[in-house]
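Engineer: One structure coming up, written as structure tokens, with questions to follow.
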Amino acid sequence: MPSLRDFDAAAFLRDHWQKRPLLIRRAFDDWTNPLAPDELAGLACEPEVDSRIVRHTGPQEWQLESGPFAPGRFGELGDSPWTLLVQAVDHHVPEVANLIEPFRFVPDWRIDDVMVSYAADGGGVGPHFDQYDVFLIQGLGRRRWRVGPKCDEASPLLPHDGLRLLAGFEATDEWVLEPGDILYVPPGFAHDGIAVGDDCITYSVGFRAPSRGDLVSAWADHVLDTLDEDDRYADPGLCPAANPGEITPDALARARDLVLGALGDQQAFVAWFGRHVTEPKDERIDWSPEEPLSADDLGELAHAAGTVRFERNPASRFSFVREASDAVILFVDGASFACSGAAASLAQHICAGRNFALAADALADADVMRLVIDLADRGCIAPADED
């Protein structure tokens, strides 16, 4: 599993996170590219994988195609510089999922996915800006990155149905990244990456930042689903109106309390938020096992080996909220689990790492056994293959 070399996470968060870009040369202790170009192309042919091809066909002209692609499509792209983009590759390739590990000084609920791009010489997606933090890891080949000033919704864009490309772009910094180099780009900063030579692979470890509008809309929709139709405005202490056209301060206060009382329930918001931010990125894939795991199955595994090792599904999202010193709510893939005692300790342990082990005596706890079986039957964890 890759690890960052001589990297001060606290200093990075203080000086660069969501403030300014940072180039990190030779970022890893021992860099090995985890995914071959042919493997990436194979993923782009799968119907459950989101993929795109972007071709640069002229000055300020790009063409966009959406996958899945026929295997022969890549040989038909011709001489125009092109890029293949494949989303959420970490969900399908454990070695790519391992690239998230060095950046887990940022909370897991902020992680979006690892997008992987392959570009022919001169390929790129054009100058653009994103509304999320991203670590751009050069995996194979070389890519020239130009970074410009911070943009916003008023920044002029080129007319294009599928790509948000900047109409004007002036770089303030420029670097050519080699394998193992990283470029961090905060939200809003203009950037443009162009492959220098063929076989250029870049891994984009992206961190989502929900907009205020998205959160308000999703929370309000959830609250609406929980309201009783009979829960209505009431004014049993109404006095005769001095002027029937006036909306009185008392009426305004009642209406405001009716609305904010429903939206301001702290405990309900906590439960909703944890489920909301851990919802699966892609509902098309069912990771549940063909045969449910039973307590007897776990007992046999523990008896045979003394401990049972488990691995987290790289596509699953795990987070928790602490309720008390010995109680947490565990959120996994949009579901919640109230845990206390040994089960709460296990929930935090699962969230901390990508794999864990349980001894036979730990599995003797009924709450621990129940939690493990539930997560395994949902496809969120699985006993590790000892081979």
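Engineer: Please enumerate the residues belonging to the stretch 158-176 that are surrounded by 15 or more Cβ atoms within 10 Å (Cβ to Cβ), assigned to a strand (DSSP E or B) and without any contact (Cβ under 8 Å) to a residue 60 or more places away in the chain.
Structural biologist: Hit for the stretch 158-176 is 166, nothing else.
Engineer: Still on this structure, I have one more. Here are some residues: 20, 26. Which one is among the basic types (Lys, Arg), in contact with a Gly (Cβ under 8 Å, 6 or more places away or on another chain) and touching a residue at least 60 places away in the same chain (Cβ under 8 Å)?
Structural biologist: One residue alone meets the criteria, 26.
Yes/no matrix, rows are residues, columns are (1) more than 30 Å from residue 224 (Cα to Cα); (2) surrounded by 15 or more Cβ atoms within 10 Å (Cβ to Cβ):
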| site | (1), (2) |
| --- | --- |
| 258 | no, no |
| 267 | no, no |
| 273 | no, yes |
| 290 | yes, no |
| 310 | yes, yes |
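Engineer: Can you tell me which residue within the stretch 201-257, out of those that are in a loop (DSSP other than H, G, I, E, B) and of a type in the set (Asp, Glu), is modelled with the highest pLDDT?
Structural biologist: That would be 246.
Engineer: Within the stretch 106-128, restricting attention to residues that are out of contact with any Phe, Trp or Tyr (no Cβ under 8 Å at 6 or more places or on another chain) and not in a strand (DSSP E or B), which residue is surrounded by the fewest Cβ atoms within 10 Å (Cβ to Cβ)?
Structural biologist: Within the stretch 106-128, the match that is surrounded by the fewest Cβ atoms within 10 Å (Cβ to Cβ) is 107.
Engineer: A further question follows. Please find, within the stretch 69-84, the residue that is nearest to residue 118 (Cα to Cα) out of those that are surrounded by 15 or more Cβ atoms within 10 Å (Cβ to Cβ) and of a type outside the set (A, V, I, L, M, F, W, C).
Structural biologist: Ranking the candidates gives 83 first.
Engineer: Search the stretch 312-331 for residues being among the aliphatic types (A, V, I, L, M) and modelled with pLDDT under 95, and hand back the single one that is surrounded by the fewest Cβ atoms within 10 Å (Cβ to Cβ).
Structural biologist: Among them, the one singled out is 324.
Engineer: I've got another one for you. Could you please give the count of residues in the stretch 318-345 that are farther than 19 Å from residue 109 by Cβ and not acidic (Asp, Glu)?
Structural biologist: Summing the residues that are farther than 19 Å from residue 109 by Cβ and not acidic (Asp, Glu) in the stretch 318-345 gives 8.
Engineer: Looking only at residues that are assigned to a loop (DSSP other than H, G, I, E, B) and of a type in the set (Phe, Trp, Tyr) in the stretch 7-36, which one is nearest to residue 94 (Cα to Cα)?
Structural biologist: Taking the candidates together, the pick is 31.
Engineer: Name the one entry in 180, 193 that is under 21 Å from residue 163 (Cβ atoms) and surrounded by 15 or more Cβ atoms within 10 Å (Cβ to Cβ). Reasoning before the result, please.
Structural biologist: Values: 180 fails: under 21 Å from residue 163 (Cβ atoms).
Unique residue meeting the criteria: 193.
Engineer: Then there is this: What do you reckon, is residue 66 in contact with a Gly (Cβ under 9 Å, 6 or more places away or on another chain), exposed (fewer than 13 other Cβ atoms within 10 Å of the Cβ), within 20 Å of residue 162 (Cβ to Cβ) and not aromatic (Phe, Trp, Tyr)? If you could, list the steps in order and put the result at the bottom.
Structural biologist: Working: in contact with a Gly (Cβ under 9 Å, 6 or more places away or on another chain): yes; exposed (fewer than 13 other Cβ atoms within 10 Å of the Cβ): yes; within 20 Å of residue 162 (Cβ to Cβ): yes; not aromatic (Phe, Trp, Tyr): yes.
Judged against the criteria, residue 66 is a match.
Engineer: Next up: From the list 46, 39, which one is in the same structural domain as residue 195 (by TED's automatic domain parsing), acidic (Asp, Glu), part of a loop (DSSP other than H, G, I, E, B) and over 23 Å from residue 145 (Cβ atoms)? Steps first, please.
Structural biologist: On the way: 39 fails: part of a loop (DSSP other than H, G, I, E, B).
Matching residue, one of 46, 39: 46.
Engineer: Could you list, in sequence order, all residues of the stretch 179-195 that are in contact (Cβ under 8 Å) with a residue 60 or more places away in the chain and touching an Asp or Glu at 6+ places or on another chain (Cβ under 7 Å)?
Structural biologist: Those that are in contact (Cβ under 8 Å) with a residue 60 or more places away in the chain and touching an Asp or Glu at 6+ places or on another chain (Cβ under 7 Å): 186, 187, 195.
Engineer: Return the pairs, sorted by first residue and then second, in which the second residue is surrounded by fewer than 18 Cβ atoms within 10 Å (Cβ to Cβ) and not charged (D, E, K, R), the first residue lies in the stretch 137-157 and is free of Cβ contacts under 8 Å to residues at least 40 places away in the same chain and outside any loop (DSSP other than H, G, I, E, B), the beta carbons are less than 8 Å apart, and the residues are 6+ apart or on different chains.
Structural biologist: Pairs that qualify, where the first residue is free of Cβ contacts under 8 Å to residues at least 40 places away in the same chain and outside any loop (DSSP other than H, G, I, E, B) and the partner is surrounded by fewer than 18 Cβ atoms within 10 Å (Cβ to Cβ) and not charged (D, E, K, R), are 157/167.
Engineer: Of everything in the stretch 85-103, what is over 12 Å from residue 35 (Cβ atoms), touching a strand residue (DSSP E or B) at 6+ places or on another chain (Cβ under 8 Å) and either in contact (Cβ under 8 Å) with a residue 40 or more places away in the chain or surrounded by fewer than 18 Cβ atoms within 10 Å (Cβ to Cβ) (or both)? Give them in sequence order.
Structural biologist: Across the stretch 85-103, the qualifying residues are 85, 88, 91, 100, 102, 103.
Engineer: With the structure loaded, tell me whether residue 311 is farther than 30 Å from residue 223 by Cβ and either in the same structural domain as residue 218 (by TED's automatic domain parsing) or in contact with a Lys or Arg (Cβ under 8 Å, 6 or more places away or on another chain) (or both) or whether it fails that test.
Structural biologist: For residue 311, the condition - farther than 30 Å from residue 223 by Cβ and either in the same structural domain as residue 218 (by TED's automatic domain parsing) or in contact with a Lys or Arg (Cβ under 8 Å, 6 or more places away or on another chain) (or both) - is met.
The values are calculated or read from the model by the stated rules, or taken from the named source; none is laboratory data. Because the structure is predicted, anything quoted here is derived from the model rather than measured. Reconstructed Cβ throughout: ideal geometry from the backbone, glycine too, with neighbour counts over all protein chains shown.
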